[in-house]
Structures are given as C-alpha cells and as structure tokens.
Amino acid sequence: MNSQILTDIRRAQEAGQRYFHSGKPAALDEAVAIWEQVLAHPAFATAEERLQLAALNDAGGIFLRRYQAQGRLEDLDQALGLLREAVQRAPPDSPNLPFILNNLGSGLSERYDHTGRMKDLEEEIRLFREAAQRMREVMPRMLPLYSPHLPSILSNLGTGLSIRHARTGQLKDLEEAVRVREEALSLTSRGWPERPALLNNLGNVLLDRYRHIGHLQDLERAVSVYQEAIDLTSPDLPDLPAFLSNLGLALLRLADADPDQRQAYLSCAGARFQRATSLLDAIEADHLLRARTRYHLGRCYHQLGRWREAITLLEQARETFSRHKARPELAHALLELGQLYHLIHDFESAYIYLKDALRLFRRIEDTDGIAVTQEALGSLSLLTGRPSAAIDSFRKARWGYIDLQRNQRVREIDNLLQIAHRAIQPMGGAIS
C-alpha cells in the first residue's frame, strides 16, 4: 500500500474535522481537494477493498457537505457517483454498508429538494429503510458501533415518508413515519444530544396525523413531546425558537378542539410565540423565519380579541413575505388581515386584502385558501349591503368546501346563502 495514499487520507479526514468544528469554507475546500488527489492516485485502484470503500464513503460525504454549504451541483453529482459506487462494491455483510446507504439516501434527499423528482424521493426512502433494517439486524452483536446512529437513520426515513405523504396523500406513509419516529425516540435516553430534535420531529408527524384523522390523543401527545423538547433545550441553542413555535401551533389546534379551555390554550400559545419571537429578534435570525413566527403570534392575538396588536404583527409579516416573494405565506397573511380589518370595520382595506389573497390562492392552486377567502368576501359583502355579491362568493366557497369534503362548512354556507337570499327579497315580497 502506497504510504502517500494513507498520509493523504489522514490529511483529508483532518481537514474535514476542522471544517466540522470551525465551519470555515477553506477547510472544506482543502478536504475536497485532498480527496480528489486520493481518488485520482494510480495506487488507489490497487488498495485494499475495505480502505477503498471507506474512502469512497468519506469522500462522498465531504462532496455532499460542500454542496450543502455552497450549492455547487457538480459537488452533488460527484457525491452521488462516489456513494453509488461504494454501495455497489460493498459486501452485503459489510459493517459499513448501513452508513453508506444512509449517506446515499441523504444525497438523494438533497437532489429531490433541488429537482422535486419523485424518483429521487422513492429511492431515498428505500435506501433509508434498508439502512435501518441492516443496522437493526447487526446491532445486538455490534451495539457500541451502531447504537448512536440508528436513531438518526430512522429520523431521515421519517422525514422522507412525511414528504411523500405530503405529495401523495397516502396515509400509510404518515403511519409509518409515526412508527419510525417513535422507534428512534425509544432508542435514546433523556441526556442524548439529539433527543430534543427527535422529540420535535415526532411532534410534527403526530400533529400532521391529527390534521388528517382527528384523534385528540395525537394532538395531546404532540403537545407533550414538544414541551419535553423545550425542557431539554438550552436557552442559547438555535433550535429553541422552532420548538416553541411548533408547541404554539399545537396549542392553537388544542384551543379549537377544546372550547371549554380555549382561552387558556390561546394564552399559552401566545406566550410561546412571543418567546420565540423575542429569541429570534435577539439573534437577528433569518427574516422569513421571524416573519412566520410573527404571523402565528398575530393569528393567536386575532383569536384572543387583541385585534390591533394582531394587525401590527401581521402587517410586519406581510411586508417580509411580499419582499421575499413567499406566496403561500403572503396569501395567508393577506387573508388574516382582511378578516381583521373586517372586524374593526375598515371595510375598504378588508376588501382589498381579501381580493389580493384570493388572487394569490388561485395562483398557487390552494383550494382550501380559495374557499375560505370566498366565504370571507361573502360575509363582507353581506355586511356592507351587497347581497347579490355575497351570494356569488358564498356559492363559490360552497363548491370549494364540497371538493374538500368539509361538510360542516357546507352546511354553514347554506345558512349564509339563505340569509343573503332573504336580504334581496323586496319588502312585502312574501305577501300574496
């Protein structure tokens, strides 16, 4: 074995470690450059197979890191090529195979994020599932090596399944995502460094399942695991604001589900959003992240009757969403503001914001957003003495709710249509 190859591999690994500890791009570029030298060296092709596999996996991981840091598509292509070669050459019983499969799955996840191709998502899920299964099979005899890594692989699998569920609506993907996230959490103890993130991820899929199935125990467990994630997270860690916001969202759902405790849950949600907002402002976090938190705090204040405060927060969020061309978030902020201006009897502003929201929801093909906005426009038209316009809006909202199978909303729209029809009947019209 060429001693220069071994020396260069150590240098590449050391440069990679310097990047992981410092985050300095120069260290990452140095690691990539050295790995390129190693892979191109004539002696590499005759090196021991085990060493070649480890080098292919490590080099693929470094190219993937640079893609994540710098966005160079050629780095992603190189990473995928190296990792595919490693998977093809690894013996089925190789103790490194689960790690290589996981890395290749992570690379495909990055490519899916870039292209949106379903083929990449399908392969990513298959690889994470195979990596987890292989690791489960060998864990009893190699526990010290594998125990820290299986929760991470299961978490990756859960993320892929959740994304596929969002694309296809297949409930089986959501159910499996819950199972693997529960398994990942069961493999960690309270002091495990990644436990807060695993708790937060479990809360996300439980909340998603609650939205689709409506089992209150999912919502209550989501609140519980979000709170545990917060309790285990130091106030100075960057993940805390996201955990607080997620708990706030779950509490908003709980407020809708439990009318008797509605005000208490809304107050608790508002406190979580307020704390998250303060933390994000203190560290001057990403503008969009801060705007999303303000949006949710504004929604909370809307429901608490603190309308002026809600408008201030939502106007701030709207301006940021508009500047960053975040269309889905902007559409929801405009809808919320339109409803608030209606409540304070600023009907002109309400109409402008609701019409803008409707245009955006149509552009992004959000059937639910379109239906809710049409209903809001119908209510505004009815209140301002335009029953014919109200009927038109209510009918369009009704069609949307039928498509969404929102039967309760359809019945409520039918009642509003009756009121609007009565409003256009001439006085005495019912007397023969």
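Where a number appears in this text, it was derived from the coordinates with a stated rule and is not lab data. Fair warning: this is a prediction, and the values are worked out from it, not measured in the lab. Using ideal geometry, Cβ is built from the backbone for each residue, glycine included, and neighbour counts are taken over all protein chains shown.
Computed values, structure above
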item	result
3J(HN,Hα) from dihedral phi, region 54-65, Karplus parametrisation 6.51/-1.76/1.60, rounded to Hz, x for glycine, proline	4, 5, 4, 5, 5, 5, x, x, 6, 4, 5, 4
Helix axis angle, 195-213 relative to the chain longest principal axis, alpha carbon, degrees	40 degrees
Helix-only mean residue ellipticity at 222 nm for the chain, each DSSP H run of n ≥ 4 adding -39500 (n - 2.57), per residue, nearest 500	-27000 deg cm²/dmol
Whether region 224-330 is rounded, prolate or oblate, judged on the alpha carbon gyration tensor where a/c under 1.5 counts as rounded	oblate
Whole-number percent relative contact order across region 371-423, with pairs defined as alpha carbons under 8 Å at least 6 apart	37 percent
Sparse-neighbourhood loop sites, GluC sites (Glu not before Pro) in region 325-415 - DSSP loop, at most 11 other Cβ within 10 angstrom	Glu365
Within a Gaussian network of the chain (alpha carbon springs, distance under 10 Å), most fluctuating of Phe243, Phe20, Phe99	Phe20
Karplus (6.51, -1.76, 1.60) ³J(HN,Hα), θ = phi - 60°, over region 118-130, in Hz, Gly and Pro reported as x	4, 4, 5, 5, 4, 5, 4, 4, 4, 5, 5, 5, 5
Which labelled figure in [x] 24.2; [y] 25.0; [z] 23.0 is Kirkwood radius over Cα pairs in Å, once derived from the coordinates	[y]
Whole-Hz ³J(HN,Hα) from phi, Karplus 6.51 cos²θ - 1.76 cosθ + 1.60, for region 24-30, glycine and proline x	7, x, 4, 5, 5, 4, 5
